[in-house]
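The values are calculated or read from the model by the stated rules, or taken from the named source; none is laboratory data. Keep in mind it's a predicted model, so treat the numbers as computed, not measured. As a convention, Cβ positions derive from the backbone with ideal geometry for all residues, glycine included, and neighbour counts pool all protein chains shown. These accessible areas exclude ligands, DNA and RNA; they are computed on the full protein's heavy atoms, side chains included. Shrake-Rupley method; radii C 1.70, N 1.55, O 1.52, S 1.80 Å.
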Amino acid sequence: MKIYFLSSMPCALRIGGTFFGMTDLFARSATVSLQDKLFVEFLPENGLPVSFFLTENIRFCPPAHCEVYLLADGIAIYAAEFIPTDFTLKTLFQTRLENALITVFQQGGVQLAFERENQAFTTPLPQAFQVCEAQFFHQFLLLCGEVRGQKKLLLFDENGQKILEEAVLSYSLSEEVLRAELPLCDRLCRTAKCTWVCAENVLKRTECVLSAPLKESEKNEAFLAYDFFESVWIGADFQIFLSETLQKDAEKILSFLGTFEGVILTDNPNVCGLIKRKSERLFEVAYFEVKIQNGKIIDVNG
C-alpha cells in the first residue's frame, strides 16, 4: 500500500529503523505493507518524536498527534503536533481580567490556566500559540494569538471547553457582538465577514457575508471543477459554474455532495477529492467528477 507522509515541521522519517528522508508539508510516499507492522518515527530537530506502529488499525484510529486521510490510492499520515524537548516552565503571557488571572504557559506543550474565586481550569492550546490579547465576551474567554504567522481566535466557556476556533484577518468586539473577517483559503483568496452574538449563554453565528463573487476575467476552465467544489465548501455562489439546466438541481447537488471540510486536486482537472471527517483526526477523501460543456458544468458524478 502507498503511504504518504507529511509533517507540520521538517522531520527525519524512519520506517522500520531505516532512514527514508525528510518530511514537511510536501507529501513523500513509500509503498509498504500494513501487515508488516513497521515502526514509524517522525523526528523533528527540537521536539519529541511522533512514533507508532503502522498497522491495519491506522484506518480506524489515528496515532497520537497525527491526522490520517484515507485516499483512493493509499493513506496519508500528517504529523500535526510536536512537543518541544525543553520542559522548563515558561510563562508566555499573563494578565488579570475581571478578578480572573489568565496565564498561558509552556512546559512541554502550551497550556492556558484560568483562575478566579471558585473557578479554575487548565486546557491545551495550539503548540505555536503566542497570546497577544485576552478579554471577555459575556461569560466566554477570548484569546487572540498567532499560529505559524496567522492570527487565531479561541473562545472558551466557563468550564474550559473550546467553543470557537477560527483563523482571522481581523476582528472587533463590542458589548453585543463579535465580528471577524476570516480567510477562506480558497484559490481565489475570498474572505468571509462573520458576526456572532451571545444569546441565552450560547454563542451563535448570525451573519456570514462572503467577498465579491468570481469575476468573468478570473474564470479558468482548467480550475473550473476545483473552483466549483471550493465554492460549495465555503458557501459561495456555486451556481455560476453550472449550466442553466443544472442550476435547477442546485439543492440536489448540495445533498449529493454532503458535508466536507476541504478540496484537493487530482491528476484529472475534472475530478476533485472532497475531505470528509469520519471521526476525530480521521478523514476520508471522496472523489467526484464533473462534465463540462461550453465552460459550464453539465453533470456531477461521484
Legend entry - 12 Å beta-carbon shell around residue 154, net charge (K/R +1, D/E -1): -2
Legend entry - Over the range 1-110: Rg over Rh, Cα atoms, Kirkwood Rh: 1.12
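Select from the range 78-142 those GluC sites (Glu not before Pro) which occupy a DSSP coil region and have at most 11 other Cβ atoms within 10 Å, ordered by residue number.
Working: sites: 81, 98, 115, 117, 133; in loops: 81, 98, 117.
Of the GluC sites (Glu not before Pro), the ones in loops of the range 78-142 whose Cβ has at most 11 other Cβ atoms within 10 Å are 98, 117.
Find the relative contact order for the chain and round it to a whole percent, using C-alpha pairs within less than 8 Å whose residues are 6+ positions apart.
Values: 613 pairs, mean separation 28.0, N = 302.
Across the chain, relative contact order equals 9 percent.
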Inset, instruction - Starting from the eigenvalues of the Cα gyration tensor, five times each then square-rooted, give me the equivalent ellipsoid semi-axes of the range 73-228, largest first, whole Å. - result: 33, 23, 13
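What pairs from 90/276; 151/296; 162/252; 204/278; 37/90 go past 27 Å between their alpha carbons? Intermediate values should be presented prior to the final figure.
Working: 90/276 38 Å; 151/296 37 Å; 162/252 34 Å; 204/278 25 Å; 37/90 38 Å.
Violating the 27 Å Cα-Cα cut-off are 90/276; 151/296; 162/252; 37/90.
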Inset, instruction - Pop out the carbon and sulfur fraction of the accessible area of the range 1-126 as a percent, whole number, probe 1.4 Å. - result: 53
Legend entry - In Å², nearest 10: area of residue 249 left accessible to a 1.4 Å probe: 60
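In the range 221-263, what GluC sites (Glu not before Pro) fall in a loop by DSSP, with at most 10 other Cβ atoms inside 10 Å? Mind dumping the intermediate values first?
Details: sites: 221, 230, 244, 251, 261; in loops: 261.
Listed in order of number, the matching sites are 261.
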Inset, instruction - Could you tell me the distance between the Cα centroids of the range 272-302 and the range 29-60, to the nearest Å? - result: 28
Legend entry - Convex hull volume per residue in cubic angstrom - Cα atoms of the range 241-302: 82
Inset, instruction - Read phi for every residue in the range 158-169 and hand back ³J(HN,Hα) as whole Hz from Karplus 6.51 cos²θ - 1.76 cosθ + 1.60, θ = phi - 60°, with x for Gly and Pro. - result: 5, 9, x, 7, 6, 10, 8, 9, 9, 6, 9, 8
Legend entry - Accessible area per residue, Å², the chain with all protein chains present, probe 1.4 Å: 54
Inset, instruction - With a bin width of 20 angstrom, please list the P(r) values of the chain as percents of all Cα-Cα pairs, from the 0 bin to the one holding the largest distance. - result: 27, 53, 20, 0
Legend entry - aspartates and glutamates with Cα under 17 Å of residue 291, excluding same-chain neighbours fewer than 8 positions away: 221, 227, 230, 244, 249, 267, 299
Legend entry - 13 Å Cα-Cα reach of residue 152 towards aspartates and glutamates, excluding residues that sit fewer than 8 places from it in its own chain: 133, 165, 166, 181
Legend entry - Whole-Hz ³J(HN,Hα) from phi, Karplus 6.51 cos²θ - 1.76 cosθ + 1.60, for the range 101-112, glycine and proline x: 9, 10, 10, 10, 9, 10, 8, x, x, 8, 9, 10
Legend entry - Alpha carbon centroid spacing (whole Å) that separates the range 252-268 from the range 100-142: 36
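With a/c under 1.5 counting as rounded, go ahead and sort the range 75-157 into rounded, prolate or oblate using the C-alpha gyration tensor (a ≥ b ≥ c being the square roots of the eigenvalues; past the cut-off, prolate if a/b is larger than b/c, else oblate). Present the calculation step by step, with values, prior to reporting the outcome.
Details: a/c = 2.06, a/b = 1.57, b/c = 1.31.
The shape class here is prolate.
Tell me the relative contact order for the range 61-104 as a rounded percent, counting alpha carbon contacts under 8 Å between residues six or more apart.
On the way: 36 pairs, mean separation 10.3, N = 44.
Worked out over the range 61-104, it gives 23 percent.
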